[in-house]
Amino acid sequence: MSTYSEIKKVTTETLRKMKFEGEKITMLTSYDFTTAKMVDAGGVDAILVGDSASNVMAGHETTLPITLDQMIYHTQSVVRGVSRALVVADLPFGTYQSNAEKALESAVRMMKEGGAHAIKIEGGKEIEDSIQKIVNAGIPVMGHLGLTPQSIYQFGTYKVRAKEEQEAEKLISDAKLLEKLGCFAIVLEKIPAELAKKVSKSLTIPTIGIGAGADCDGQVLVYHDMVGMNQGFSPKFLRRYLNLYSEITGAVSQYVKDVKGKDFPNSNESY
Ligand code: KIV
């Protein structure tokens with residue numbers, strides 16, 4: 001265990017120091033109180049209230065339908081369960097792209113009503129004004145480059161991004177811009193490991209990878225994927241630490257058998 005596990009409250013500054021000292025940063029998603037409590041107790045440095053809640057919690061095909069009110073509700077629930085980790089909340093699709101004022105309004109709601117410690121938004125140059133406005137208001141911003149799921153209808157597929165030189169060059173210059181604008185960290189999603197390494201080395205702010213290889217300064221996974229609750233999703237980058245889908249369905253079917261067979265409740269389980 002590192003000295004950082006002793007830290008009572010992780011801040012954006014803690015993450016910056018971790019990069020500087022070569023200590024890997026850990027991040028997982030959570031969308032509710034009970035999960036956040038367990039994830040925090042397990043010792044992750046940061047918790048992402050991802051707009052992947054749109055897929056995982058609500059069953060939508062994409063992250064696009066989730067609303068700011070819904071993300072605020074998820075964030076409030078997570079914050080109540082967390083004592084150590086930095087809680088970063090996604091601003092959902094349509095709440096920051098149109099103009100900087102709207103972006104700031106959305107970010108302020110997420111901080112004030114949601115209780116987030118920082119926000120995350122997807123994109124580079126095209127959302128420069130929004131990032132600058134939010135940072136200027138004193139709100140920590142995490143960037144997100146590479147496969148940005150809010151642009152899925154533009155990409156058309158969830159395949160690895162920035163394999164071609166032109167897209168890789170844009171990603172590198174976007175990453176530098178995000179650092180210059182004052183972002184405290186950047187998520188790099190589904191890009192070649194070599195490119196992620198190059199970006200990570202060229203920045204003083206940490207990169208957090210998902211499907212971006214081992215040389216990012218930290219790693220993030222969707223909690224439901226890493227504990228194996230989601231059987232239909234098996235990308236190459238995912239490591240499953242449990243198989244909760246079969247554990248839970250097994251427990252449920254045992255309960256059904258016990259009730260139907262009049263085994264539950266027994267006399268010890270009755271008043
Ligand atoms: O919404 C999310 O869960 C994310 C991660 C995949 C990085 O943005």
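Tabulated data for the structure shown
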| quantity | calculated |
| --- | --- |
| Cross-chain or 6+ apart pairs with Cβ under 7 Å, segment 205-229 first and closer than 21 Å to residue 252 by Cβ and without any contact (Cβ under 8 Å) to a residue 40 or more places away in the chain, then within 14 Å of the ligand (Cβ to nearest atom) and not β-branched (Val, Ile, Thr) | 225/233; 225/238 |
| Sole exception among (1) within 25 Å of residue 16 (Cα to Cα); (2) in contact (Cβ under 8 Å) with a residue 60 or more places away in the chain; (3) within 12 Å of the ligand (Cβ to nearest atom) for residue 150, by number | (1) |
| Conditions (1) within 14 Å of the ligand (Cβ to nearest atom); (2) in a helix (DSSP H, G or I); (3) farther than 20 Å from residue 23 by Cβ; number of the one not met by residue 235 | (2) |
| Residue match in segment 77-90 (condition: within 14 Å of the chain's Cα centre (by Cα) and over 13 Å from residue 30 (Cβ atoms)) | no |
| Test set (1) within 16 Å of the ligand (Cβ to nearest atom); (2) in contact with a helix residue (DSSP H, G or I) (Cβ under 9 Å, 6 or more places away or on another chain) - residue 76 fails condition number | (1) |
| Number of the condition not met by residue 270 [criteria: (1) away from the ligand (no atom under 16 Å from the Cβ); (2) modelled with pLDDT under 95] | (2) |
| Given (1) surrounded by fewer than 17 Cβ atoms within 10 Å (Cβ to Cβ); (2) over 23 Å from residue 30 (Cα atoms), index of the condition residue 239 fails | (2) |
| Residues satisfying the stated conditions in segment 196-210, i.e. over 19 Å from residue 141 (Cα atoms) and surrounded by 24 or more Cβ atoms within 10 Å (Cβ to Cβ) | 196 |
| Check on residue 160, β-branched (Val, Ile, Thr) and either touching a helix residue (DSSP H, G or I) at 6+ places or on another chain (Cβ under 7 Å) or under 25 Å from residue 22 (Cβ atoms) (or both) | no |
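Okay, residues lined up against (1) closer than 29 Å to residue 5 by Cβ; (2) free of Cβ contacts under 8 Å to residues at least 12 places away in the same chain; (3) away from the ligand (no atom under 15 Å from the Cβ):
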{"residue": "40", "(1), (2), (3)": "yes, no, yes"}
{"residue": "93", "(1), (2), (3)": "no, no, no"}
{"residue": "99", "(1), (2), (3)": "no, no, yes"}
{"residue": "119", "(1), (2), (3)": "yes, no, no"}
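The values are calculated or read from the model by the stated rules, or taken from the named source; none is laboratory data. Bear in mind that the values here come from a model prediction, so they are computed numbers and not experimental data. Cβ atoms come from the backbone with ideal geometry, glycine included; neighbour counts cover every protein chain shown.
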